[in-house]
Amino acid sequence: MKVPNVGRPLRVATGLSSYGISDRRLRRAVAGRVILVTGASSGTGRATALRLARNGATVAVVARRAALLDELCEEAIALGADGSIHPYPTDLNDMPATAAMVERVLDEHGRVDVLVNNAGKSISRWLTDSVDRFDNFEKTANVNYLAPIRLIMSLLPSMRAAHSGHIVNIVTIGVHAPPVGWTAYASSKAAFNSWMRGASAELRAEGITSTGVYLQLIYTPMLGPFWYFKYAKPLGNTAEEAANAVCRAIVDKPMYIRPWPERLAAPVGYLLDNSRPMEYAKTLAVKVANRQSRPTDLVPVMRRAEDFGHFLDKCFGSIGTVAGMNPLAVVPPARLPQAVAALRNGFGLATLAATAAARFPDRDAVIDDDGTITYREMHQRTERLASALRDEYIVGRHSRVGILCANHRGFPLALFAAARLSADLVPLNYGFSGPQLGAVLEQERIDVLFYDTQFEQSLENSGYTGPRIIVRDDGSSPEASARYGNVEQLISRGGRRVLAPAYGSAIVIMTGGTTGVPKGAPRQMGMKDLVPMAKSLHPRMLLAITELDRIHPVPSLGEPIVVGPPLHHGFGLGSTLIGFATGSPVVLHRKFGAEQMLADIERHSATIATVVPSMIKRIMDLPEEVRQDYNTDTLRVVPCGGSPLPGWLGEAFMDEFGDVLFNGYASTESGLGTLATPADLRAAPGTVGYGPQGLVGVRIYDDVGVEVPVGVPGRVTIKSPAAFHGYTDGNNKEFIDGYLDTGDLGHFDSAGRLFIDGRSDDMILSGGENVFPQEIEDTLLDHPAVADAGAIGVPDDDFGQRLAAFIVLKDGQTATADEIKAFVKAQLANYKTPRDVHFVAALPRTTAGKLRRKQLPELIAPADVTGDANASPANGATATKTRAPKKATAAKATAVKATAAKKAPAAKKAPAAEPAPVADSTAALPDTRPSDADVSPA
């Protein structure tokens with residue numbers, strides 16, 4: 001973040017910043033000395049460690065995650081630091097591990113000359129919300145109070161022996177006037193501050209000096225969750241400014257570094273704290289701000305005020321943005337001419353890349369496994385690739401360009417380059433089998449194909465013989481690498497600049513193929529193609545703006561988005577395009593990893609993470625200590641969609657990560673659909689909520705086209721201005737009274753919320769009773785030993801169909817067929833209890849996590865029925881014999897440099913390497929299941 005443009009001298013004079021210390025003086029003081037810095041993975045600690053290393057210090061850095069410390073080591077090397085950085089990943093909440101870490105530092109470096117107590121745990125929560133969260137107080141006290149004492153006491157013998165040493169403690173100015181809602185943080189900081197003030201005399205008697213550095217707001221990831229602090233940005237410090245104060249404390253060794261506003265505010269604060277007006281003001285503030293303490297008559301008023309405030313925040317930006325502290329939410333005023341000029345290239349998908357580059361040229365566009373790329377770089381590469389495509393492959397209007405790529409920067413690059421030439425775009429599902437992929441390529445008449453070489457075998461099996469261009473070469477197919485051109489070659493050659501403006505190309509989203517051959521649903525993306533949609537609008541649709549009241553909190557535009565679903569899926573692609581439209585950095589990975597997503601959220605302070613239910617399931621399957629090891633407090637919205645979300649799973653996720661989950665429902669054909677907010681998911685777990693008022697209509701019909709009453713299942717139909725107009729093969733969906741039949745079955749509850757019961761062609765009719773597989777699967781997944789589950793109907797001589805369940809057990813878990821049936825019977829009606837139970841290694845799912853129920857019968861092996869996982873079947877239950885699932889092996893961490901390979905005994909692990917995924921095809925399933933939700937190939 002850039003320092004506010006009010007002048008360095010003015011900021012120092014007004015007490016907004018410390019005057020710091022010069023590098024010349026700092027080098028003389030720290031060169032060759034050993035300095036231990038806690039909380040060094042980000043913010044002030046990271047900035048301090050880098051500056052000390054640049055000036056010749058040997059810096060031992062402490063934080064919870066080894067991966068972030070290794071990145072710090074790499075950055076120091078890249079900067080050419082004269083000193084060195086040595087990582088000691090340790091959880092300061094663990095006192096024995098903290099003491100062991102100090103012993104290791106002393107063993108390896110012989111001494112510690114300076115200790116910088118920077119690590120801190122910030123928490124802002126009302127007492128009424130903390131009744132059942134006492135562990136939060138314990139952890140905050142451990143990190144902010146006990147851990148610094150543990151560090152000092154562990155270092156005390158060696159410092160006493162040397163009769164020297166210096167301790168720097170980061171103190172918040174809030175210790176003088178604890179703000180309401182911050183009791184755990186302020187009290188723990190004040191406790192250590194009091195301890196240090198009392199201990200300083202004893203320490204000085206032993207030749208050990210100390211400095212307390214009082215800091216105001218510092219803009220680091222710790223403040224990410226608190227959106228209102230952005231209005232106070234001119235009053236805060238950057239991490240670099242805070243590091244300047246820490247370095248001055250190391251060199252000058254004053255007892256305290258206190259900005260003059262803090263010195264003035266402290267006595268005033270203590271004086272006012274004992275006054276009735278101040279106590280009244282604080283009490284009133286709590287009643288207004290804390291929803292659980294508000295008087296009943298204030299609740300609706302304050303809710304409307306909050307919603308309106310957030311609405312204004314999104315529409316007009318904030319005071320900080322107006323003051324020039326950050327770009328405006330949509331277009332920075334200074335970049336408005338460039339943004340307008342970018343429109344000369346036409347209106348379409350490629351316009352997103354051009355206008356984003358004009359508005360935010362130096363902002364990261366994509367963060368993926370290969371690093372980062374800015375919007376300017378993305379736009380420049382798009383233009384050069386487009387010119388090469390036109391000149392060498394004759395791509396132009398009405399050309400069909402396929403994209404068979406995993407989630408990385410090459411996907412949007414190929415997409416935008418083809419759209420720049422007004423070509424039609426066909427994102428392809430890399431989970432298709434070879435023959436299925438061949439049928440789609442032929443059906444969609446692909447002229448040129450962009451692809452990753454990791455899909456070479458599927459492409460060869462497809463029979464496709466048209467032109468192809470390699471986007472990402474993983475080295476797995478040297479023959480293909482030598483035979484076909486690649487994107488980098490085309491970009492380097494370039495061509496004549498594309499001058500013709502882009503017209504509205506079409507983007508063809510393929511259906512999942514779970515119910516048959518995938519079909520292409522085209523949508524025109526040009527400006528003129530919005531005219532028919534505009535004509536279908538009605539004034540009542542303006543009511544959709546009131547839906548902002550339901551979406552709370554709303555993340556600020558331009559903040560990082562982590563995209564989990566594959567980009568060939570409408571959900572994943574739409575999330576990425578929204579990122580480009582709002583100038584947000586988009587975080588992508590070629591394959592999904594549950595722990596990796598949590599690490600991304602923390603590392604990039606992401607406010608949005610898009611997921612499908614299977615990804616949530618894999619996240620919740622992580623050990624609790626792994627989930628809690630990552631700071632995801634910046635998360636504000638987690639959109640979920642693509643397949644049904646079990647109610648219990650949504651509740652468990654929100655219990656862990658807060659009420660940030662939004663469950664959406666739509667189809668490739670309908671475009672828009674319904675949305676369930678966290679409040680909806682709390683009130684009615686499993687619901688997909690309501691359609692936007694005035695914009696989307698939802699009705700449920702029976703088989704003869706009559707609307708059904710509340711609570712009765714029927715055919716879900718949607719009417720929206722974004723509905724498609726037919727498949728590429730000339731067929732269309734059925735419409736009832738202008739409402740598109742989605743093919744799903746569902747029902748409304750008494751509050752009008754929609755629930756999806758399953759697909760109409762998946763419904764099982766057993767003994768005259770209708771059974772929906774989704775309900776059975778959701779119940780099975782709630783079993784503590786079950787990792788994945790599926791249910792279908794199989795032929796039965798007596799009942800027509802009987803219910804068969806397919807179970808994947810968790811690693812190290814066992815269950816019998818009788819136990820599974822008893823578990824279901826205890827929660828559902830008797831006729832919904834599976835008669836057959838098959839234990840299998842893995843279930844076939846699409847890349848978006850949807851279960852391929854039509855492939856489940858292939859997993860039945862009658863000749864191999866030997867019992868369930870550990871016991872013989874009973875009462876007609878059958879089970880397929882399977883080997884016990886193997887555990888994935890975590891990748892070993894590699895050292896960044898010789899001195900950076902040292903790990904503390906109790907260190908937290910970096911995100912484990914993900915195992916190879918189960919192939920999403922009709923091929924035989926492997927003997928082991930993936931342990932961490934790989935929804936895209938390795």
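What follows draws every value from the coordinates through simple rules; no lab data is involved. Only a predicted model underlies this, so the values are computations on that prediction, with no experimental measurement involved. Note: ideal-geometry Cβ built from the backbone for every residue, glycine included; neighbour counts use all protein chains shown.
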Revision key, fill the gap. The Kirkwood hydrodynamic radius of the range 375-524, taken as the inverse of the mean 1/r over all distinct Cα pairs, in Å, comes to 15.4
Review point. Listed highest first by mean packing, meaning other Cβ atoms within 10 Å per residue, what order do 278-284, 33-39 come in?
Key: 33-39, 278-284
Practice item. Could you please report the charge total around Ala423, scoring K, R as +1 and D, E as -1 over all other residues with beta-carbon less than 11 angstrom from its beta-carbon? Key: +2
Practice item. Between Asp362 and Glu488, with labels modelled 7 Å along Cα→Cβ, what's the label distance in nm to one decimal, could you check? Key: 2.7
Check your understanding: Given C-alpha coordinates of the range 11-273, what is the ratio Rg to Rh with the Kirkwood estimate of Rh?
Key -> 0.95
Revision key, fill the gap. With the 8 Å Cα cutoff and a minimum separation of six or more residues, the range 375-524 has a relative contact order in percent of 27
Review point. Where does each of 620-626, 387-393, 687-693, 461-467 land if you order them by average Cβ count within 10 Å, highest first?
Key: 687-693, 387-393, 461-467, 620-626
Review point. Which percent, nearest 5, of DSSP beta bridges in the range 375-524 are antiparallel?
Key: 25
Point to revise | Ranked packing of 823-831, 657-665, 394-402, most packed first, by mean Cβ within 10 Å | key: 657-665, 394-402, 823-831
Practice item. Would you mind calculating the relative contact order of the range 11-273 from Cα pairs under 8 angstrom and at least 6 residues apart, reporting the percent as a whole number? Key: 23
Check your understanding: Where does the range 650-795 land on Rg(C-alpha)/(2.2 N^0.38 Å)?
Key -> 1.11
